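Some notes on the structure that comes next.
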Amino acid sequence: MVLKAIRSIVTSNFVKMAAALGIVSGLSGAALVYVYNYSLPKIEVNIAADTERAIKSIFPEVLEIKPGVEKDIFEVLDTDKNILGYAFLAEGSGYQGVIKLIVGVSPDVETMKGFEVIESQETPGLGAEITTDKFRGQFKALGLAHAIEYVKGQKPTMPYQIEAITGATISSRAVVNMLNSKISRVRELLFKKAAEEQKI
Amino acid sequence: MIKDFLKGLWRENPIFVQVLGTCPTLAVTTKALFGLSMGLATMFVVICSSVTISIIKKLVPGQVRIAMFTVIIALFVTAADYFLKANFFEISKALGPYVPLIVVNCLILGRAEAFASKNGVLRSFWDAFGMGMGFTCALIAMGSVREILGAGTIFGFRVMWHDFTTWTVMALPAGAFITFGLFVGLFKMIDKRICEEKEKQV
């Protein structure tokens, strides 16, 4: 009885279906491993080149980019090995999809050097204006003693304010929030590192 | 066989006649180049999955065939996505999530279910090739119109006069719908003319 039952289960449609799906999924997985191994190094090179290009446009006099305290934070050095500042990746949700920025700050994290948009899917003509010089220019040499704020439809009155893009407040706010949270994190990490170095 | 190929281009054009895969059609056709790359990626996936499915069609248990087709399609989509990321990084960034979303393009599952699972390998290949070609041409046509009016360029080359005022709406979703509607109408109109001509001859 029991044997008969087992046999009927093994030869049943259920097992056939499971086996067929299992085999196809297994083979697909194996094929993807090859594709992944082939493309991963190339993808990493592409991302690194993109980051480097962005850092170079923020710090034109850059000579050397060194990995910093954390992944995606870089120390930027000039020809005499003087530190020009720090560059780091900031990302967050925009109006549609993720916005990724490369941000540059001065060595004391007191002044902003600027940022480059390396990825965004914002609306053309509205949110996509975050990539223009007009918007990005406002962040050049912006003081960071106070968190960055945005104002709408008027000229900024305080030194830490920037003017949001008309009709694209969400994108402007996303950029400002990303910058504020990442800058304070970078500052914290750098202070911690400095404190540790002093102890030694 | 040549019929299998040609029907995808015109009479059963996946976008303008069957109205399949409209999501990428509307989303990525802001530039002709993006339309071309999306079309080629989709063509690769539809050809590979149709051929694979028509090879293994006898081994597929009927109840799980959709699940199986989806796994096979996902395999080729992921491969295409990684290939673009590795070799055409800028294009891959511009297309964003729409490359992985080829998995759910009903054009591909539709060809697998309606054609490849019932026909031989060669015919499935030509059918998929024709459909992919029709899809690509449609995307390029949409992308060209929207790029010319929305940015004044085509494939990045300036074609409009110097102080041409760009129609931003054409780069926005609304422009996609307008262009799409006009193309569908144009297809219907030409098709009607052809039918009338044939009737007259008879």
Please tell me if A:VAL69 is at pLDDT below 90, farther than 20 Å from A:THR131 by Cβ and in a strand (DSSP E or B).
no
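Checking the structure you have, find out if any residue of the range A:74-94 is within 14 Å of another protein chain (Cβ to nearest Cβ) and either part of a helix (DSSP H, G or I) or closer than 27 Å to B:LEU149 by Cα (or both).
There is at least one residue in the range A:74-94 that is within 14 Å of another protein chain (Cβ to nearest Cβ) and either part of a helix (DSSP H, G or I) or closer than 27 Å to B:LEU149 by Cα (or both).
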Enumeration of residues in the range A:16-34 that are within 10 Å of another protein chain (Cβ to nearest Cβ) and among the β-branched types (Val, Ile, Thr):
A:ILE23, A:VAL24
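Tell me the helices (runs of 4 or more DSSP H) entirely within the range B:98-179 that contain at least 3 residues that are open to solvent by less than 50 Å² (accessible area, probe 1.4 Å) and more than 30 Å from B:GLN63 (Cα to Cα).
Passing ranges, in order: B:121-151.
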Being within 23 Å of B:VAL64 (Cα to Cα), more than 8 Å from chain B (Cβ to nearest Cβ) and either in contact with a Gly (Cβ under 9 Å, 6 or more places away or on another chain) or not aromatic (Phe, Trp, Tyr) (or both) is the filter here; which residues of the range A:1-15 pass it?
A:ILE6, A:ARG7, A:SER8, A:ILE9, A:VAL10, A:THR11, A:SER12, A:VAL15
Helices (runs of 4 or more DSSP H) wholly inside the range B:1-95 that include at least 2 residues being touching a residue at least 60 places away in the same chain (Cβ under 8 Å), closer than 28 Å to A:ALA20 by Cα and more than 14 Å from every other protein chain (Cβ to nearest Cβ)
B:32-56
Any residue that is open to solvent by 20 Å² or more (accessible area, probe 1.4 Å) and of a type in the set (Gly, Ala, Ser) - is there at least one of those in the range B:85-95?
yes
Starting from the range A:176-196, take each residue that is closer than 18 Å to A:GLY94 by Cβ and list its partners that are assigned to a helix (DSSP H, G or I), counting only C-beta distances under 8 angstrom and pairs at least six apart or across chains.
A:LEU179/A:PHE139
Would it be correct to say that A:GLN121 is more than 28 Å from B:LYS85 (Cβ to Cβ) and assigned to a loop (DSSP other than H, G, I, E, B)?
no
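The values are calculated or read from the model by the stated rules, or taken from the named source; none is laboratory data. Just so it is clear, the model here is predicted, and its values are computed rather than measured. Positions of Cβ are generated from backbone atoms using ideal geometry, with glycine treated the same way; all protein chains shown enter the neighbour counts. Just the protein is used for accessible areas: all its heavy atoms, side chains included, with ligands, DNA and RNA removed. Shrake-Rupley method; radii C 1.70, N 1.55, O 1.52, S 1.80 Å.
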